[in-house]
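J.: First, the structure itself, so that you have it in front of you.
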Amino acid sequence: MEFCGYSAAEDGFWAEVAGWIKECVCSASMSVLINGSPSKPFKMERGLRQGDHLCPFLFVLVVDVLHKMIGEAVRNGRILPLLVGRDNIELSHLQFADDTILFCPPEEETIQNYKRLLRSFELMSGLSINYEKSNFIPVNCEQRWARKMCLLLGCKEASLPVRYLGISLGANPRLVKTWKPVIDKVEEKLSLWKVKTLNKAGKLVLIKSVLNSLPIYYLSLYKIPKAVVEELIFLQRRFLWSKDDGRIGIPLVKWEVVMAPKKEGGLGVGDAVVRNTALLFKWWWRFSKEECPLWKRVVCSCNNMNPFKMMHSQQVPSRGGPWKDICHLQIREPQIRERMIRGLSIEVGNGRTIRFWEDDWLTGGALKDLFPRFFLVSNLKVSVIGDCGFWDGLEWI
């Protein structure tokens, strides 16, 4: 028996999966410590245990429904998305686990429809949206109108920069105060009271773990300022060479030796600038590797870039911000830079989005520049690669 494309066997399978999930959630028991002694175990009637490994998976399944609801509301014209850049890229929402950002132009009706949609989602899913922890962030809006919308939504008003997923959105990454959370965390981990309990080898291991983990999120998005690099080196140097009583000792070797790899005779701490360059170059790789995701379309629309050309062959964006630093990435040794660039290439895919003559999809530049005479006599000057051949699984024919 089949109905609307779903078979009874499929319904039975998903019912069995739901039963497994329910068994994992409802069969667990817990107890509460009362004056240091555990109480009698009891089963939970509602919700998940804190730290439950199923929690993020189940939440992603639920908020995917919210994603589809917002998409349908945009298609029906109930919600007006924000139009970004020269290509008017539609941006209505971004989601990461239990964090959601909603975008819209300053239209009261759209915000009211957002409120109705969120209320419908609450009734269907059983989840409650905490508006007290939510913020309304107006950009170039009248203060009076912003206060009215805050009352409508029942949330607080905030202004850029705001903290989202550990990053300050809207902050200037070239300022030292933007990096203050990273500096404070490194200083906390490398506090001088730990000097008394660790020898030189233990200090070195702690420095490596702190440097390789704490700043990675910032280093993968922003170019680190010189003043921040000097501050991080100062904290590491002070911690490594400090004596047991907390006084600063005499450095035994140059800090360049400490940062150098072990195979070159160093201690392998690593250089934050080199690590920052490598992490930012990953965006060059993603720009050429990924076909045309949302982030790439937004970046190209805001910076007048061609998504089907290599990044190093395009003009550096004139406006400031993280993307300008990524495009203008400086690599110390020219030989390494050339090797890294040669390792990049545009993925052709099905050949329906890349222009055969005009886009830089081969090493050396666009075909119209490499073979100008052939381009002049061609009858397919505006054709895409898919019109000039087909992919048989191994090569283009």
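J.: How would you classify the stretch 181-278 from its alpha-carbon gyration tensor, with a ≥ b ≥ c the square roots of the eigenvalues: rounded for a/c under 1.5, else prolate if a/b is greater than b/c, otherwise oblate?
T.: oblate
J.: When the Karplus curve 6.51 cos²θ - 1.76 cosθ + 1.60 is applied with θ = phi - 60°, which whole-Hz ³J(HN,Hα) does each residue of the stretch 200-214 get, with x for Gly and Pro?
T.: Ordered by residue, 3J(HN,Hα) equals 4, 5, x, 4, 5, 5, 5, 4, 4, 5, 5, 5, 7, 10, 5 Hz.
J.: I've got another one for you. Please compute the per residue accessible area over the chain with all protein chains in place, 1.4 Å probe, rounded to a whole number of Å².
T.: On a per-residue basis, the chain sits at 66 Å².
J.: Search the structure for amide H atoms under 5 Å from the amide H of His93, placed 1.01 Å from N in the peptide plane, and list their residues when 5 or more places away or on another chain.
T.: Phe103
J.: For an R0 of 41 angstrom, estimate the FRET efficiency from the Cβ-Cβ distance between His328 and Ala201 and round to the nearest 0.05.
T.: So the FRET efficiency works out to roughly 0.55.
J.: Non-local amide H neighbours of Asp360 (under 5 Å, H modeled in plane, Pro and chain starts lacking H): which ones?
T.: Placed amide hydrogens put Met310 under 5 Å from Asp360.
J.: Moving on. Please report, as a whole percent, how much of the solvent-accessible surface of the stretch 244-393 comes from carbon and sulfur atoms (probe radius 1.4 Å).
T.: 56
J.: Quickly estimate the mean residue ellipticity at 222 nm for the chain, helices only: each DSSP H run with n ≥ 4 gives -39500 (n - 2.57), and the total goes over all residues, rounded to 500.
T.: That calculation yields -13500 deg cm²/dmol at 222 nm.
J.: Quick one: what are the phi-derived ³J(HN,Hα) couplings along the stretch 119-128, Karplus 6.51/-1.76/1.60 with θ = phi - 60°, whole Hz, x for glycine and proline?
T.: 5, 5, 5, 4, 5, 6, 8, x, 7, 10
J.: Residue-wise, which Karplus ³J(HN,Hα) couplings in Hz belong to the stretch 193-199, taking 6.51 cos²θ - 1.76 cosθ + 1.60, θ = phi - 60°, and x for glycine or proline?
T.: After applying 6.51 cos²θ - 1.76 cosθ + 1.60, I find 5, 6, 4, 5, 9, 10, 8 Hz.
J.: Could I ask something else about it? Shape call for the stretch 273-380 from the C-alpha gyration tensor, a ≥ b ≥ c root eigenvalues: rounded (a/c under 1.5), prolate (a/b greater than b/c) or oblate?
T.: prolate
J.: For a quick check, take a GNM of the chain with Cα springs below 10 Å and name the residue from Gly266, Gly36, Gly71 with the largest mean-square fluctuation.
T.: Maximum fluctuation in the GNM of the chain, among the listed residues, is at Gly36.
J.: Further question on the same structure: Work out the FRET efficiency for Asn35 and Glu132 from their Cβ-Cβ distance, taking R0 = 25 Å, and round it to the nearest 0.05.
T.: 0.15
J.: Going by a ≥ b ≥ c, the root eigenvalues of the Cα gyration tensor, does the stretch 96-168 fall in the rounded group (a/c under 1.5), the prolate group (a/b larger than b/c) or the oblate group?
T.: oblate
J.: Okay, moving on. For the chain, what are Rg and Dmax over the alpha carbons, in angstrom?
T.: In Å, with Rg to one decimal and Dmax whole: 27.5, 89.
J.: With 31 Å as the limit, write out which pairs from Lys208/Lys282; Lys223/Lys296; Lys223/Lys289; Lys180/Lys296; Lys68/Lys156; Lys133/Lys208 have Cα-Cα distances beyond it, or answer none.
T.: Listed pairs above 31 Å: Lys133/Lys208.
J.: State the extension gain, in nm to one decimal, for the chain segment bounded by Phe59 and Lys185, taking 0.36 nm per residue of separation less the distance between their alpha-carbons.
T.: 42.4 nm
J.: What is the set of long-range amide H partners of Glu157 at a cut-off below 5 Å, with H atoms built 1.01 Å from backbone N?
T.: Long-range HN contacts for Glu157: Phe136.
J.: Among Trp255, Asn306, Trp241, pick out the residue whose Cα is farthest towards the positive end of the charge dipole of the stretch 211-310, where Lys and Arg carry +1 and Asp and Glu carry -1 on C-beta, about the Cα centre.
T.: Result: Asn306, furthest along the dipole toward the positive end.
The values are calculated or read from the model by the stated rules, or taken from the named source; none is laboratory data. Small disclaimer: the values here were computed from a predicted structure and weren't measured. Neighbour counts run over all protein chains shown; Cβ positions are idealised from the backbone, glycine included. To get the accessible areas, we keep the full protein, side chains included, count just its heavy atoms, and leave off ligands, DNA and RNA. Shrake-Rupley method; radii C 1.70, N 1.55, O 1.52, S 1.80 Å.
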